[in-house]
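Colleague: Below you will find the structure I want to go over with you.
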There are 2 protein chains.
Amino acid sequence: MIKLYGYWRSTAAYRVRLALNIKQVSYSQQSVHLVKDGGEQYQPEYQSLNPQGLVPTLVDDGIVIGQSLAILEYIEEKYSQYPLLPSNVAERAMARQLSQIIACDLHPLNNLRVLQYLSNQLKVNDAEKSQWYHHWLAQGFSAFERLVAKWDSNGPYCLGGELSMADVCLIPQIYNADRFDFSMDAYPRLQEINQNCLKLARFQDAIPENQPDAV
Amino acid sequence: MIKLYGYWRSTAAYRVRLALNIKQVSYSQQSVHLVKDGGEQYQPEYQSLNPQGLVPTLVDDGIVIGQSLAILEYIEEKYSQYPLLPSNVAERAMARQLSQIIACDLHPLNNLRVLQYLSNQLKVNDAEKSQWYHHWLAQGFSAFERLVAKWDSNGPYCLGGELSMADVCLIPQIYNADRFDFSMDAYPRLQEINQNCLKLARFQDAIPENQPDAV
């Protein structure tokens with residue numbers, strides 16, 4: 001059975017839980033506590049699986065994969081039911097572009113190791129750190145909102161009537177924005193998509209608070 | 001014909017040039033000067049193509065795509081010759097994981113807009129900025145080196161005898177490391193791969209200094 005190394009509050013692990021739930025692939029979870037004892041992700045045993053010391057890591061049939069988007073592509077290729085990517089080449093490109101706005105340009109700037117660097121090495125205070133956090137959220141969400149609006153789907157999800165990788169990346173990021181008191185007022189379409197997704201049991205089962213290691 | 005909006009020194013645009021060259025797909029380039037006049041990427045005309053105001057953007061047959069990895073996947077799907085991804089599912093996952101170590105966790109922390117934020121908003125001085133830059137390079141390259149060593153290929157490239165998306169992401173990042181006086185001494189396998197790739201005409205044609213907008 002698939003084993004997912006993650007952490008309840010990690011948005012990158014949340015993406016993978018969503019993908020597995022959407023595809024109705026069963027899996028077990030192994031919690032990697034990112035804060036306790038200086039961070040379990042830095043322990044040699046975990047680093048031998050994931051040399052970056054980041055979550056998530058997926059282990060399936062002896063195959064070990066880090067990086068959430070690589071994991072999503074793997075899941076998509078191996079488990080074809082309930083596709084995360086449309087069949088049309090232009091739509092696939094848009095699903096990936098939207099996903100990467102979150103996973104390559106927004107989240108990496110706001111994750112734990114970067115916030116720790118800002119505090120510890122650069123002595124950035126909490127107010128400046130919050131501004132930093134909100135700045136990159138605004139940059140990413142406004143591009144995302146513009147692209148989705150331009151796509152002009154009337155459906156409930158990012159690309160229209162079907163869920164895709166873009167929803168899988170967006171919903172965890174909005175969860176994080178809420179957690180860091182970021183107002184979503186400027187992004188009505190993203191709010192709408194968020195509400196539509198969170199109505200689904202497959203999303204509810206993946207939210208951080210519903211994980212076994214949630215505090 | 002494909003049109004690539006980029007900038008000679010952008011490592012993300014460099015990745016796309018490499019992919020197109022490897023596949024021997026012809027394209028024209030449109031330079032988006034990232035510094036002149038406050039940055040051409042912020043002009044409304046460009047932002048209508050790429051709402052993030054980042055390079056590269058690829059336009060092919062009316063399809064407009066931002067985000068370099070989404071562009072690489074598109075090129076791979078549309079132009080099947082000289083594949084950038086192996087056929088085996090585990091190898092594909094490794095190629096993507098390596099690519100994303102660069103594109104999702106290393107480069108986004110060191111790109112122009114982030115360095116500008118550090119200087120302008122956080123008043124970080126040049127020495128601290130250089131430490132920041134080197135810190136994230138070391139984090140990314142050491143994970144990359146460990147994974148490639150573990151993969152244990154004896155071939156000239158990241159995954160063995162065939163070029164892949166991982167080489168397309170690695171070589172531009174090493175170019176950038178050199179530019180910012182980062183020593184590659186701790187990464188012998190990455191140096192070797194870099195030398196092997198740069199022997200190829202398809203790589204030479206893509207290097208920043210050989211682009212029409214190089215200064």
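Colleague: What nm distances, shortest first, do you get from the label point of A:Gly62 to those in the other copies when the point sits 7 angstrom along Cα to Cβ?
Modeller: 4.8
Colleague: Sticking with this one: Using Cα centres only, tell me the gap between segment A:75-105 and segment B:24-57 in whole Å.
Modeller: Going from one Cα centre to the other spans 24 Å.
Colleague: Taking Cα pairs under 8 Å and at least six residues apart, what relative contact order does segment A:2-82 come out at, in percent? Mind showing how you got there, number by number?
Modeller: Values: 109 pairs, mean separation 28.6, N = 81.
Relative contact order, segment A:2-82: 35 percent.
Colleague: Just to be sure I understand: with springs between alpha-carbon atoms less than 10 Å apart, which residue in B:Gly38, B:Gly66, B:Gly160 has the highest mean-square fluctuation in the Gaussian network model of chain B?
Modeller: Answer for the Gaussian network model of chain B: B:Gly38.
Colleague: Using a Cα-Cα cut-off of under 27 Å, which lysines could be cross-linked to A:Lys129, ignoring same-chain neighbours fewer than 8 residues away?
Modeller: List returned: A:Lys36, B:Lys123, B:Lys129.
Colleague: Okay, moving on. Which whole-Hz ³J(HN,Hα) couplings does segment A:49-54 yield from phi under the Karplus relation 6.51 cos²θ - 1.76 cosθ + 1.60, θ = phi - 60°, glycine and proline marked x?
Modeller: Residue by residue, segment A:49-54 yields 7, 9, x, 6, x, 10 Hz.
Colleague: Quick one: label points 7 angstrom along Cα→Cβ at B:Lys199, distances to the other copies in nm, smallest first?
Modeller: Result, one decimal in nm: 6.0.
Colleague: Also: Say a label goes 7 Å from Cα toward Cβ at A:Ser183 in every copy; what distances in nm does this one have to the rest, shortest first?
Modeller: So the label point of A:Ser183 gives 5.0 nm to the other copies.
Colleague: Spelling out what I want: for every residue of segment A:178-188, take phi, set θ = phi - 60°, compute 6.51 cos²θ - 1.76 cosθ + 1.60 (Karplus), and round to whole Hz; glycine and proline get x.
Modeller: With the stated coefficients, segment A:178-188 comes to 4, 4, 9, 6, 9, 7, 8, 3, 6, 10, x Hz.
Colleague: Whose amide H sits under 5 Å from the amide H of B:Ile2, counting only residues 5 or more places off or on another chain, with H placed in the peptide plane?
Modeller: B:Ser28
Colleague: So which trypsin sites (Lys or Arg not before Pro) in segment A:158-215 end up in coil per DSSP with only 14 or fewer other C-beta atoms within 10 Å?
Modeller: Details: sites: A:Arg179, A:Arg189, A:Lys199, A:Arg202; in loops: A:Lys199.
In loop regions of segment A:158-215 (DSSP not H, G, I, E or B), the sparsely surrounded trypsin sites (Lys or Arg not before Pro) are A:Lys199.
Colleague: Checking the cross-link filter: which lysines have an alpha carbon closer than 21 Å to that of B:Lys78, excluding same-chain neighbours under 8 positions apart?
Modeller: A:Lys78, B:Lys3, B:Lys23
Colleague: How many percent of DSSP beta bridges within the protein assembly as shown run antiparallel, rounded to 5? Don't jump to the answer; show the numbers that get you there.
Modeller: Numbers: 16 of 26 bridges.
So the antiparallel bridges in the protein assembly as shown amount to around 60 percent.
Colleague: Would you work out which of A:Gln100, A:Pro56, A:Leu190 lies farthest towards the positive end of the dipole of chain A, given +1 charges on the beta-carbon of Lys and Arg and -1 on that of Asp and Glu, about the Cα centre?
Modeller: Farthest towards the positive end: A:Gln100.
Colleague: Right, something else. Residue by residue, what Karplus-based ³J(HN,Hα) values in Hz, rounded to whole numbers, does segment B:70-78 have, using 6.51, -1.76 and 1.60 with θ = phi - 60° and x for Gly and Pro?
Modeller: 5, 5, 4, 5, 4, 4, 5, 6, 7
Colleague: Let me ask something else about it. Of the DSSP beta bridges with both residues in segment B:2-82, give the percent that are antiparallel, rounding to the nearest 5. Walk me through the numbers on the way to the answer.
Modeller: Working: 7 of 12 bridges.
Taking every DSSP beta bridge within segment B:2-82, about 60 percent pair in antiparallel fashion.
Colleague: Next question. Give the relative contact order (percent, whole number) for segment A:89-202; include only Cα pairs under 8 Å separated by 6+ residues. Could the numbers behind the result be given before it?
Modeller: On the way: 84 pairs, mean separation 34.7, N = 114.
Relative contact order of segment A:89-202: 30 percent.
Colleague: Return the whole-Å distance between the Cα centroid of segment B:150-206 and the Cα centroid of segment A:143-159.
Modeller: Here the two parts' Cα centres lie 38 Å apart.
Colleague: For chain B, what's the relative contact order in percent, using C-alpha pairs closer than 8 Å and at least 6 residues apart? Display every interim value, and only then the final one.
Modeller: Working: 259 pairs, mean separation 52.8, N = 215.
Here the relative contact order equals 25 percent.
Bear in mind that the values in this text are calculations on the coordinates, not laboratory data. Not measured: the values here are computed from a predicted model. Don't worry about glycine lacking a Cβ; one is built from the backbone with ideal geometry, like all the others, and counts go over all protein chains shown.
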